[in-house]
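Participant: Pasting a structure here, questions to come.
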Ligand code: DWN
Ligand code: SAH
């Protein structure tokens, strides 16, 4: 029996995506024999409302010195973090110039470099030392460690309490969420705020974007689940925003109960989630049926193009696409290569199905007719950057929201 990481209730198995490798486990030919696989199964609890993986590989296996995702590989995401930093600086609920700004999962410094530049006292927690070292080049102050109850206490002893703790695409990665909550409680100033953003469960359900589910994403949050999760720690949701990043995300604003009056958006989103059935196991069972149809349709589409003697490649060696390829059994016989702008991924093979990953520079040199959008969440940026592919008559394939070719 599996139990919920929020309130220890029993989890119902609602979706099984089969045996999967690490989402970011791009590897060399000589390492194929040692590749690690785990069962990618999702559970749901109606009492906590928390959608979660039943089993997650150990954090050290996923987040270490060879971690291959660098946030700065997307210009749109770089702009997103720069804009949000400017907004926080002028938020009347915060006093960033006098306080301490803490970021969890600061990666290559895509957000905190703006704090460093503006002279704002800050601290990043980043266990993946390769990306952390990249951030240090921008003057970012970073602890190369996992955020947890113990590392939070150590940070409070040496830096004092935080006026803001921010986490983008990180909170949903940490299975030991109780340790994170204890850490936030001890580190946050009495009038401090916790702000975090992650892919939104509502968008995943609407768009059928099951590829948001992989080893690193142990949770897909909703406002319902977040408010129930933080309540035992005396924190409440005071604001909620839908944002467009990563194919549809939500930003949650939390404060100690009673310190700031919640905006009307909180009650509105809780009600809209109830109406949508986001606290009902049956919603996820029907989602699982849609996922199964989507996986088959994608494989069928690519097979039919290959049967016509045409080649299909992919753009974006994402962790998300690891789920898609391994679930739909799409290997190098169907997608011959994946092109990507991350030097750390180039020259390696994709996890599990072992499609070669090549530099995105080579993508424009060849004359492909079909490319699968492994990074559909960056579709606008990718279509701009590689616009020549479209001018030459190339067609983009996506599985979100339905399997097919994107309009030209
Ligand atoms: O939550 C997470 C998010 C923030 O990032 C992590 N667990 C891991 C990672 O997920 P992902 O791998 O699915 O992320 P992206 O941002 O969808 O990855 C895009 C990939 O595409 C990168 O490898 C960079 C590449 N890329 C490219 O080659 N050309 C991206 C753009 C925008 C481009 O123009
Ligand atoms: N915030 C960045 C990076 C997201 S990728 C962005 O939005 O683009 C997730 C990051 O969280 C990785 O860099 C990973 O090393 C880090 N991470 C994983 N577990 C963590 C933990 N317990 N504490 C802090 N960071 C963690």
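The values are calculated or read from the model by the stated rules, or taken from the named source; none is laboratory data. This is a predicted model, so every value here is computed, not measured. Ideal geometry is used to build each Cβ from the backbone, glycine not excepted, and the neighbour counts take in all protein chains shown.
Participant: Hey, can you tell me all the residues within the range 42-62 that are within 14 Å of ligand 1 (Cβ to nearest atom), closer than 18 Å to residue 31 by Cβ and out of contact with any strand residue (DSSP E or B) (no Cβ under 8 Å at 6 or more places or on another chain)?
Facilitator: Our first condition is that a residue be within 14 Å of ligand 1 (Cβ to nearest atom); within the range 42-62, this holds for 53, 56-57, 59, 61-62.
Filter again for closer than 18 Å to residue 31 by Cβ, leaving 57, 61-62.
Within the range 42-62, 61, 62 qualify.
Participant: Where residues in the range 131-165 are over 24 Å from residue 66 (Cα atoms) and in contact (Cβ under 8 Å) with a residue 40 or more places away in the chain, which of them is farthest from ligand 1 (Cβ to nearest atom)?
Facilitator: Across the range 131-165, the extreme among qualifying residues is 160.
Participant: Further question on the same structure: With respect to the numbered conditions (1) over 15 Å from residue 162 (Cα atoms); (2) within 8 Å of ligand 2 (Cβ to nearest atom), which one is the sole condition not fulfilled by residue 125?
Facilitator: Unmet for residue 125, out of (1) over 15 Å from residue 162 (Cα atoms); (2) within 8 Å of ligand 2 (Cβ to nearest atom): (1).
Participant: Could you look through the range 77-88, keep only residues that are under 19 Å from residue 138 (Cα atoms) and in contact (Cβ under 8 Å) with a residue 24 or more places away in the chain, and pick out the one that is nearest to ligand 1 (Cβ to nearest atom)?
Facilitator: Residues of the range 77-88 that are under 19 Å from residue 138 (Cα atoms), as a first pass: 77-86.
Narrowing the set further to residues that are in contact (Cβ under 8 Å) with a residue 24 or more places away in the chain leaves 77-78, 80-82, 84-86.
On the way: 77: 7, 78: 10, 80: 11, 81: 11, 82: 16, 84: 14, 85: 17, 86: 21 Å.
Applying the filter and picking the extreme gives 77.
Participant: Sticking with this one: Out of the residues in the range 52-69 that are buried (at least 19 other Cβ atoms within 10 Å of the Cβ) and within 9 Å of ligand 2 (Cβ to nearest atom), which is farthest from residue 145 (Cα to Cα)?
Facilitator: Across the range 52-69, the extreme among qualifying residues is 69.
Participant: Looking only at the range 354-367, which residues are under 18 Å from residue 302 (Cα atoms) and at pLDDT below 95? If you could, list the steps in order and put the result at the bottom.
Facilitator: Here is the first cut: in the range 354-367, the residues under 18 Å from residue 302 (Cα atoms) are 354-356, 367.
Of everything in the range 354-367, just one residue is under 18 Å from residue 302 (Cα atoms) and at pLDDT below 95, namely 367.
Participant: Go through 293, 299 for me and flag whichever is modelled with pLDDT of 95 or more, closer than 19 Å to residue 401 by Cα and surrounded by fewer than 18 Cβ atoms within 10 Å (Cβ to Cβ).
Facilitator: On the way: 299 fails: surrounded by fewer than 18 Cβ atoms within 10 Å (Cβ to Cβ).
From the options 293, 299, the qualifying one is 293.
Participant: Pick from the range 149-175 the residues that are assigned to a loop (DSSP other than H, G, I, E, B) and touching a helix residue (DSSP H, G or I) at 6+ places or on another chain (Cβ under 8 Å): which of them is nearest to residue 122 (Cα to Cα)?
Facilitator: For the range 149-175, the residue satisfying everything is 161.
Participant: Which of the residues belonging to the range 242-290 are touching a residue at least 40 places away in the same chain (Cβ under 8 Å), surrounded by fewer than 17 Cβ atoms within 10 Å (Cβ to Cβ), more than 24 Å from residue 214 (Cα to Cα) and touching a strand residue (DSSP E or B) at 6+ places or on another chain (Cβ under 7 Å)?
Facilitator: 259, 260, listed by residue number.
Participant: On to the next question. Are any residues in the range 221-239 touching a residue at least 60 places away in the same chain (Cβ under 8 Å), in contact with a helix residue (DSSP H, G or I) (Cβ under 8 Å, 6 or more places away or on another chain) and over 12 Å from residue 266 (Cβ atoms), and if so, which ones? Please lay out each step first, then the result.
Facilitator: Step one: filter the range 221-239 for residues touching a residue at least 60 places away in the same chain (Cβ under 8 Å), giving 221-222, 224-225, 228-229.
Next, only the ones that are in contact with a helix residue (DSSP H, G or I) (Cβ under 8 Å, 6 or more places away or on another chain) stay: 221-222, 224-225, 229.
Listed by number, the residues that qualify are 221, 222, 225, 229.
Participant: Let me ask something additional. Which residues, counting only those in the range 89-115, are at pLDDT 95 or above, in a helix (DSSP H, G or I) and either within 16 Å of ligand 1 (Cβ to nearest atom) or surrounded by fewer than 19 Cβ atoms within 10 Å (Cβ to Cβ) (or both)?
Facilitator: Listed by number, the list holds a single entry, 112.
Participant: Being without any contact (Cβ under 8 Å) to a residue 60 or more places away in the chain and either buried (at least 19 other Cβ atoms within 10 Å of the Cβ) or assigned to a helix (DSSP H, G or I) (or both) narrows it down to one residue among 181, 205; which is it?
Facilitator: 181
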